Amino acid sequence: MENEIFRQDRNSKMLLGEVYFWTDTVKDWKQVFSSEKYKRIVIDSLEELIKRKNIEVYAFVIMPNHLHLVWKMVEVNGKEMPYASFNKFTSHQIFQDMKHHHPEIISDFKVTDVERNFRLWQRDPLAILMDTQHKLEQKIDYIHHNPLQEKWQLCEKPEDYDYSSARFYETGIDNFGFLTDYRNLL
């Protein structure tokens with residue numbers, strides 16, 4: 001039974017070893033990731049979890065107020081699931097920077113939760129099991145085209161957006177050095 005606790009997180013119902021489409025949204029849809037340095041914090045966190053062999057990342061995009069990932073939780077990070085480590089690390093790093101460089105906006109993230117004073121990520125991120133090739137490819141296509149949506153217009157072609165895995169799938173060049181080709185799963 002104890003092993004089952006480590007295999008399945010009770011809140012998210014994400015299982016180790018399964019591939020998920022994941023959406024994490026910034027509290028109140030604030031556009032935190034308009035800042036390059038905050039996007040870099042996300043990249044750094046993913047890199048660290050991959051280096052530790054806690055996760056594999058197949059596709060991603062960092063939008064101004066949310067992010068999408070297709071990833072797999074490979075191994076727990078200490079006593080917690082890797083996505084929890086990811087959310088804690090990114091929140092901590094971003095709030096540290098805000099306290100020092102942007103104190104006027106940190107109050108936008110103030111909460112009255114028992115366990116924390118500030119919240120970066122909205123509760124209950126979306127996690128969808130990628131249990132078919134069609135579903136997996138549809139979600140990766142969605143991720144790569146997200147920056148082109150009329151609301152965002154962040155680029156003209158998916159591979160032109162720097163904070164996405166689209167260029168990797170279009171050219172084979174992994175500018176991040178941590179992506180795993182989803183076709184290796186098939």
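Of everything in region 156-168 that's part of a loop (DSSP other than H, G, I, E, B) and without any contact (Cβ under 8 Å) to a residue 24 or more places away in the chain, which residue is nearest to L16 (Cα to Cα)?
Checked region 156-168; the qualifying residue nearest to L16 (Cα to Cα) is D162.
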Some residue of region 102-109 being in contact (Cβ under 8 Å) with a residue 40 or more places away in the chain and buried (at least 19 other Cβ atoms within 10 Å of the Cβ): yes
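Yes/no matrix, rows are residues, columns are (1) among the hydrophobic types (A, V, I, L, M, F, W, C); (2) more than 11 Å from the chain's Cα centre (by Cα); (3) at pLDDT below 95; (4) at positive phi:
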site: L15; (1), (2), (3), (4): yes, yes, yes, no
site: V19; (1), (2), (3), (4): yes, yes, no, no
site: Q31; (1), (2), (3), (4): no, yes, no, no
site: I43; (1), (2), (3), (4): yes, no, no, no
site: V57; (1), (2), (3), (4): yes, no, no, no
site: M63; (1), (2), (3), (4): yes, no, no, no
site: V70; (1), (2), (3), (4): yes, no, no, no
site: E80; (1), (2), (3), (4): no, yes, yes, no
Residues of region 171-186 classified as of a type in the set (S, T, Y) and more than 18 Å from Q133 (Cβ to Cβ), total: 1
Residue within region 58-79 that is surrounded by fewer than 17 Cβ atoms within 10 Å (Cβ to Cβ), assigned to a helix (DSSP H, G or I) and in contact with a helix residue (DSSP H, G or I) (Cβ under 9 Å, 6 or more places away or on another chain) present: no
Residue under evaluation D181, criteria (1) closer than 24 Å to R52 by Cα; (2) free of Cβ contacts under 8 Å to residues at least 60 places away in the same chain; (3) not aliphatic (A, V, I, L, M), criterion not met: (2)
Cross-chain or 6+ apart pairs with Cβ under 8 Å, region 127-155 first and at positive phi, then exposed (fewer than 14 other Cβ atoms within 10 Å of the Cβ): none
Residue in region 92-108 that is modelled with pLDDT of 95 or more, among the polar types (S, T, N, Q), under 23 Å from R52 (Cβ atoms) and part of a helix (DSSP H, G or I) present: yes
Region 137-155, subset surrounded by fewer than 19 Cβ atoms within 10 Å (Cβ to Cβ) and under 18 Å from the mean Cα position of the chain (by Cα), residue farthest from Y20 (Cα to Cα): H145
Criterion: at negative phi and within 21 Å of the chain's Cα centre (by Cα) - qualifying residue of S91, S107: S91
Residue in region 129-146 that is in contact with a strand residue (DSSP E or B) (Cβ under 7 Å, 6 or more places away or on another chain), outside any helix (DSSP H, G or I) and closer than 19 Å to F60 by Cα present: yes
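When you scan region 115-123, do you find a residue that is out of contact with any Phe, Trp or Tyr (no Cβ under 7 Å at 6 or more places or on another chain), modelled with pLDDT under 95, closer than 16 Å to F33 by Cα and surrounded by fewer than 19 Cβ atoms within 10 Å (Cβ to Cβ), even just one?
Taking region 115-123 first, the residues out of contact with any Phe, Trp or Tyr (no Cβ under 7 Å at 6 or more places or on another chain) are 115-117, 121-123.
Restricting the remaining residues to those that are modelled with pLDDT under 95 gives 115-117, 122-123.
Next, from what is left, pick out any that are closer than 16 Å to F33 by Cα: 122.
Checking which are surrounded by fewer than 19 Cβ atoms within 10 Å (Cβ to Cβ) leaves us with 122.
Among the residues of region 115-123, at least one is out of contact with any Phe, Trp or Tyr (no Cβ under 7 Å at 6 or more places or on another chain), modelled with pLDDT under 95, closer than 16 Å to F33 by Cα and surrounded by fewer than 19 Cβ atoms within 10 Å (Cβ to Cβ), which makes the answer yes.
The values are calculated or read from the model by the stated rules, or taken from the named source; none is laboratory data. Quick caveat, the model's predicted, so the values are computed rather than measured. Counting neighbours? That spans all protein chains shown, and the Cβs are built from the backbone with ideal geometry, glycine included.
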